[in-house]
Amino acid sequence: MTVQRLGADQLTRRAGELAELLADTVNAGASVGFLAPLGRDRALAWWRGRADAVAAGQLAVWAALDGAGRAVGTVGLAFPDKPNSRHRAELVKLMVHRDTRGQGVGRGLLAAAEAAAADAGITLLHLDTETDSPAEHLYRSAGWTRAGIIPDYALDPYGALRPTTLYYKRVDAPAR
């Protein structure tokens, strides 16, 4: 597996693969902001809609590529636009295709995003994830700190209200 940061043009070219990944993730039960069943057309439109944010530097997106060059995972960093929050970023949409889960793809994507954040001078990362989801184990084992739980935060893919857990992680800028 290789992890590659996608520019806006690359994201647009890979939008079909990323749409398949998003639909697979949602339809397998992961809560990433969409309801099941999620069709390819809606997922494709969502990914194409991210290209402008990537081009503007508001969003960074990485794809994990398997040996055949197919996108099997993705993660993003959303950068705030407020002057008082330029030291932090939100980790968003960490997704791994269900056929490749348990093979280190999520951990590799997380490490790439954390390293890129540190290189960019970001010192604090934060995220939210569905409480008691498999993702919580990944974040805890990668050194993220649980900040708290918000009840009834979002609908899961099947329409049930679920709590979310907030996490944060301090990252160090590399020595220059």
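None of the figures in this text is laboratory data; all of them are computed from the coordinates on show. The model shown is predicted, which means the values in this text are computed figures rather than measured ones. Glycine also receives a Cβ, built like all others from the backbone with ideal geometry; neighbour counts cover every protein chain displayed.
Things to note:
- Considering only alpha-carbon pairs that sit under 8 angstrom and 6 or more positions apart, the relative contact order computed for segment 1-130 is 26 percent.
- Taking the Cα centre of segment 2-170 as origin and assigning +1 to Lys and Arg Cβ atoms and -1 to Asp and Glu Cβ atoms, the resulting dipole is close to 300 debye.
- Just so you know, the Rg over Rh for segment 6-134 is 0.95, from Cα atoms, with Rh as the Kirkwood radius.
- Projecting the Cα atoms of 120, 28, 69 onto the charge dipole of the chain, computed from C-beta unit charges around the Cα centre, puts 120 farthest toward the positive end.
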